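Engineer: This is the structure I have questions about; it appears just below.
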Amino acid sequence: MNNSDCKDGNVLVIVKNIHLGSKMGGCFLIAIDFGTAYSGYAFCVSSENSDPKPRVPKWGQEHGFNSPKTPTCILFDEHEEFKKFGYDAKMAYTKMHGADAQEHFLFENFKMELYGKNLMIKAHNGKSMSALKITAETLRYLKDHALKTIGDHTSGRQFIASDMTWILTVPAIWDASAKQFMREAATEAGLVTDLNSDSLILALEPEAASVWCKKLPSDGFISEEINNGTLEQTPGTKYMVVDCGGGTIDITVHEVLQGGTLKELHKASGNDMGGGTVDKKFKMFLREIFSDELWDDYAKDYAPELQKVMYEFSLLKGRDEDIEIACPYNLGELAKQYRSEIHVYQESKVTNSNS
């Protein structure tokens, strides 16, 4: 957020009205959740006379999915030109082989690289691209997808980015420079320009989650159908929101005041121990089993297969039970090759010592 967006002890949600004409009767808000593992957006029409009802599009139907978010996975060709995003990028890359995979740039789980101030980010093929370009193209895709979706829901009416108020979420641990980077990427992506930069609001992820939670039932947050009383209708209630994402775990603590406004009891905070750390530990485990040299060769020569392995692992790691993971074909074949070469080497040493 800008400094003007926050005051000590209170969380203020600032929405800039954009008049779209009497036919629309309100203003459009598009909120983008740019996540480490998954990304998506919600949109709604806001008016003074009614509470906004956000709409969240579904992703991946053509690939057998129906989820509210799509993988934060972006694919570029050999000329560093954008090709695909989300499920489309994942599926296209897993079908590539050999030289074709080596020529293409696939980036995923790169969000935390931005917090580390890395100006260049390494792709699966071992080559690097500009962090600003990768982030900007990600936001550009989500922007274009959102504008098309809204057009489809308004009898085909065409909208442009300047017709909208944009809200972009960022982790609580991000400092001023990381937030400024996101503003630059959003401008590069065409969400806003230097002339209407106030149409972009940066919101802390746990605070955005808290604003949503206050509209849930006061009895346990378990279901939206428990009773008619929402949390914002129970002044004096204090609650904590723990946002466990792919890159970070963010926490905020609020108290509901009269009228449904929120008071911040503890400054939003967090760390970089999100679900992606489990993926890293899994890769370290496989590296220990197969050796550093073998694993490096596998990751370099069979990047699409490794990407598929990690995606399947991400679906399994949420289970609270023992799981069985099959060894990928090329990893097994590479292990056999290494074992054979080690055996031949050991035999040659024995022969040389006997002679």
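The values are calculated or read from the model by the stated rules, or taken from the named source; none is laboratory data. Everything quoted here is computed from the prediction, not taken from an experiment. Backbone-built Cβ (ideal geometry, glycine too); neighbour counts: all protein chains shown. Remember, those area values only see protein heavy atoms, side chains included, never the ligands or the DNA or RNA. Shrake-Rupley method; radii C 1.70, N 1.55, O 1.52, S 1.80 Å.
Engineer: Find the Cα radius of gyration of region 275-338, compare it with 2.2 N^0.38 Å by division, and give the number to two decimals. Before the final figure, lay out the partial values.
Structural biologist: Numbers: Rg = 11.9 Å, N = 64, 2.2 N^0.38 = 10.7 Å.
In units of the globular-protein estimate, region 275-338 measures up at 1.11.
Engineer: Let me ask another. How far is it, in nm, from the label point at Val242 to the one at Asp194 when both lie 7 Å from their Cα along the line to the Cβ?
Structural biologist: Here the answer is 4.6 nm between the modelled labels.
Engineer: For Met240, Met91, give the ranking by accessible area with the largest first, probe 1.4 Å. Let's see the in-between values first.
Structural biologist: Values: Met240 115, Met91 50 Å².
Heavy-atom accessible area, descending, gives Met240, Met91.
Engineer: For Lys238, which lysines qualify as cross-link partners when the Cα separation must be under 28 Å and same-chain residues fewer than eight apart are set aside?
Structural biologist: Partners found: Lys7, Lys53, Lys214, Lys215, Lys263, Lys267.
Engineer: A further question on this structure: How far is it, in nm, from the label point at Lys300 to the one at Arg339 when both lie 7 Å from their Cα along the line to the Cβ?
Structural biologist: 2.3
Engineer: Run the quick spin-label model on Trp212 and Lys148: label points 7 Å from Cα toward the beta carbon, then report their separation in nm to one decimal.
Structural biologist: About 2.4 nm, to one decimal.
Engineer: If you don't mind, there's one more thing I want to ask. On the protein heavy atoms, probe 1.4 angstrom, tell me the percent of accessible surface of region 231-349 carried by carbon and sulfur. Please list the in-between numbers first.
Structural biologist: Details: 4010 of 7630 Å².
Reported share for carbon and sulfur atoms: 53 percent.
Engineer: Determine, for each peptide in 180-186, 63-69, the mean count of other beta carbons within 10 angstrom over its residues, then list the peptides with the highest first. Present the calculation step by step, with values, prior to reporting the outcome.
Structural biologist: On the way: 180-186: 18.3, 63-69: 13.0.
The densest-packed peptide leads the list: 180-186, 63-69.
Engineer: Highest mean first, how do 94-102, 208-216, 120-128 rank when packing is the count of other Cβ atoms within 10 Å averaged over residues? Display every interim value, and only then the final one.
Structural biologist: On the way: 94-102: 13.8, 208-216: 17.4, 120-128: 15.8.
The packing order, highest mean first, is 208-216, 120-128, 94-102.
Engineer: Something else: Which percent of the accessible area of region 23-154 is formed by carbon and sulfur heavy atoms (probe 1.4 angstrom)? Don't skip to the answer; put the middle values down first.
Structural biologist: Values: 3150 of 6190 Å².
Of the solvent-accessible surface of region 23-154, carbon and sulfur hold 51 percent.
Engineer: Separate question: Report the Cα centroid-to-centroid distance between region 85-159 and region 263-282 in angstrom, as an integer.
Structural biologist: 23
Engineer: Keeping every protein chain present and rolling a 1.4 Å probe, give me the accessible area per residue for region 13-205 in Å². Kindly include the intermediate steps, with their values, before the conclusion.
Structural biologist: Working: 9090 Å² over 193 residues.
Per residue, region 13-205 has 47 Å² of solvent-accessible surface.
Engineer: If you take every residue apart from Met129 with its C-beta less than 12 Å away from the C-beta of Met129, what net charge results, scoring Lys and Arg +1 and Asp and Glu -1? The partial results should precede the final answer.
Structural biologist: Values: positive: Lys122, Lys127, Lys133; negative: Asp77, Glu78, Glu80, Glu81, Glu113, Glu137.
Computed value for this residue: -3.
Engineer: Can I ask one more? Cα gyration tensor of region 85-211, axes a ≥ b ≥ c as square roots of the eigenvalues: rounded (a/c below 1.5), prolate (a/b > b/c) or oblate? Don't skip to the end; give the middle numbers.
Structural biologist: On the way: a/c = 2.02, a/b = 1.28, b/c = 1.58.
Cα axes put region 85-211 in the oblate bin.
Engineer: I would also like to ask the following. Based on the Cα atoms of region 161-221, what semi-axes does the equivalent ellipsoid have, where each is the square root of 5 times one gyration tensor eigenvalue, given in whole Å with the largest first? It would help to have the intermediate numbers written out before the result.
Structural biologist: Working: eigenvalues 148, 46, 9 Å².
Square roots of five times the eigenvalues give 27, 15, 7 Å.
Engineer: Another question, then. Counting heavy atoms of the protein chains only and a 1.4 Å probe, report the per residue accessible area for region 275-338 as a whole number of Å². Walk me through the numbers on the way to the answer.
Structural biologist: On the way: 4210 Å² over 64 residues.
Each residue of region 275-338 exposes 66 Å² on average to a 1.4 Å probe.
Engineer: Working out 0.36 nm times the residue gap between Asn271 and Glu80, then minus their Cα-Cα distance, what length gain in nm do you get to one decimal? Intermediate results must be reported in sequence, preceding the final value.
Structural biologist: On the way: separation 191, 0.36 × 191 = 68.76 nm, distance 3.22 nm.
That pair, Asn271 and Glu80, stretches by 65.5 nm at full extension.
Engineer: Moving on. I need the shape label for region 184-300. Rule: rounded when a/c is under 1.5, else prolate if a/b > b/c, else oblate, with a, b, c from the alpha carbon gyration tensor. It would help to have the intermediate numbers written out before the result.
Structural biologist: Details: a/c = 3.12, a/b = 1.59, b/c = 1.96.
Judged from the Cα gyration tensor, region 184-300 comes out oblate (a/c at least 1.5, b/c at or above a/b).
Engineer: Based on the mean of other Cβ atoms within 10 Å per residue, sort peptides 167-173, 275-281, 140-146 so the most packed one is first.
Structural biologist: Values: 167-173: 22.0, 275-281: 15.0, 140-146: 19.7.
Ranked by mean Cβ neighbours within 10 Å, highest first: 167-173, 140-146, 275-281.
Engineer: Right, here's the next one. Please give the residues of region 101-125, grouped as numeric ranges, whose backbone N is less than 12 Å from a label point set 7 Å along the Cα-to-Cβ vector of Ala178.
Structural biologist: Within reach of a label on Ala178, which here means backbone N under 12 Å from a point 7 Å along Cα→Cβ, region 101-125 contributes 111-118.
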